[in-house]
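Below: the structure, in structure tokens.
The values are calculated or read from the model by the stated rules, or taken from the named source; none is laboratory data. Just so it is clear, the model here is predicted, and its values are computed rather than measured. FYI the Cβ positions are ideal-geometry reconstructions off the backbone, even for glycines, and counts take in every protein chain you see. Just the protein is used for accessible areas: all its heavy atoms, side chains included, with ligands, DNA and RNA removed. Shrake-Rupley method; radii C 1.70, N 1.55, O 1.52, S 1.80 Å.
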Amino acid sequence: NSVLGIVGGGQLGRMSAMAAARLGFRAHILTNEPDGPAAQVAHGITLGAYDDPDALRRFASAVDVVTFEFENVSADGLELLSGLRTVRPSGRILRVSQDRLAEKRFLDDAGVPVAPWHAVESRQDLDDAAQALGLPFILKTTRLGYDGKGQRRVHTAGDLAGAFDALAPHPLVAEKMIDFACEVSVMVARGIDGTTVTFDVTENRHRNGILDLSLAPARIPPDVAAQARDVAVRVAMALDLVGLLGVEMFIDRDGGILVNEIAPRPHNSGHWTMDACPVDQFAMHVRAITGLPLPPAIRHSDAVMKNLVGPDDMAQWPSIVATPGLLPHHYGKAEARPGRKMGHVNVLFPHGGLPGEFGVEAALGPLARQ
Ligand code: ATP
Ligand code: MG
Ligand code: MG
């Protein structure tokens, strides 16, 4: 009955803690939010900052194995923890995933295709990037971006200076704008014995830079889906991953695959697995980091996941819980600020499979777009 230590107090920690409890583990959270999403369901919490050595030591003494629930926890803090307890995934993987330049260099070295990119530290670098990549391109901060924050699209030479100035602190990375046919992701888990399992490829739609809908399985040709799973496994092996990893990809119009970014933790686009799979991504994550066997990542139903973002979506909560067929998940956040992820809803299609666009909207009931 060992204790799983989770660094970070958000919804991914919450759902990991719930999965841990189901498998007989206790979850202990390091967070500075005493009543945050994860703390509410945890067995215990250590209150403190992710880089506070004293809090980190107290946290380590309360747990048996350590994981983290988002990329932007302190890498130095995790390194300190690595000296005291087993940390899975490793601190090295965290460092790669929290810096877009390190991530792209790693993927290049692993032979995993990514969009053409150019490192940008100075205005001159940015002009060079425009030369090398052509217009339009996307300029991103290397660190701390999420939900499309920390990005600017550069359409014309006139946008260069403004984008550069808007995205301090530098360095930045410029990426060729990919005219993708669709965006997908693959959740891959790898155990301590090197076993890997992948969930079905997920098709993702964003709205205002935030994930809006995930559809499983992605409506892409079977050979492309198989390649996407292979790519995810290749990344997991190259990282020597123990745990779960979300790999975001673009599928171009010829079926070519480019990796966008990786996240060594349960991923928002994998939340459909909570209702559509006997062993969901959180259970798979907990199994991988605690050394339990990894069962096949079977899916029993087609599924759609919709994120509940901000006060507008949460205003629908009473009708969401009153609508048969909607499977709601609440993150326990007190305040529904605009753009904040408050929960999600899954809808299963166990018989006929995913319907067309109108069918998906209709199945979302009170969440259907007007
Ligand atoms: P997340 O919330 O997934 O962590 P993020 O802020 O880290 O997002 P990205 O995933 O890099 O940002 O980009 C957000 C979205 O912007 C992508 O899902 C995609 O829709 C679009 N995008 C990013 N890079 C490119 C690109 N090179 N070409 C085309 N579209 C892109
Ligand atoms: Mg990201
Ligand atoms: Mg992303």
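In the context of the full set of protein chains, the chain has a per residue accessible area of 41 Å² (1.4 Å probe).
About the centre of its Cα atoms, region 116-176 shows a dipole size close to 200 debye [charges on the beta carbon of Lys, Arg (+1) and Asp, Glu (-1) only; nearest 20 debye]. Solvent-accessible area assigned to carbon and sulfur over region 116-176 amounts to 52 percent, based on a 1.4 Å probe.
Give the carbon-plus-sulfur fraction of the accessible surface of region 49-107 in %, rounded to a whole number; probe 1.4 Å, heavy atoms of protein chains only. Carbon-and-sulfur percentage of accessible area, whole number: 46. Distance from the C-alpha centroid of region 256-295 to that of region 135-163: 30 Å, rounded to the whole angstrom. Extent of region 3-87 along its three principal axes (Cα atoms, max minus min coordinate, largest first): 30, 22, 20 Å. Calculated mean residue ellipticity at 222 nm for the chain: -8500 deg cm²/dmol, from DSSP H runs with n ≥ 4 weighted as -39500 (n - 2.57), summed, divided by the residue count and rounded to 500.
Taking amide H atoms as placed 1.01 Å from N in the peptide plane, the amide H of Thr86 lies under 5 Å from those of Val66, each 5 or more residues away in sequence or on another chain. For the pair Asp179 and Arg85, a Förster radius of 51 Å applied to the C-beta separation gives a FRET efficiency near 0.65, rounded to the nearest 0.05.
Where the centroid of each part is defined by its Cα atoms, how far is region 310-356 from region 1-41 in Å? For region 310-356 versus region 1-41, the Cα centre distance is 22 Å. Each of Asn260, Pro338, Pro116 was placed along the dipole of the chain (beta-carbon charges, centred on the mean Cα), and the one lying farthest toward the positive end is Pro338. Karplus-derived 3J(HN,Hα) values for region 80-97, using 6.51 cos²θ - 1.76 cosθ + 1.60 with θ = phi - 60°, are 4, 4, 4, x, 10, 9, 5, 10, 9, x, 6, x, 5, 5, 4, 4, 4, 7 Hz; glycine and proline are entered as x.
Region 48-77 and region 189-242 have their alpha-carbon centroids 28 Å apart.
Packing order of peptides 104-112, 343-351, highest average first: 343-351, 104-112 (average count of other Cβ atoms within 10 Å over each peptide's residues). Computed over protein heavy atoms with a 1.4 Å probe, the carbon and sulfur contribution to the accessible area of region 182-367 reaches 55%.
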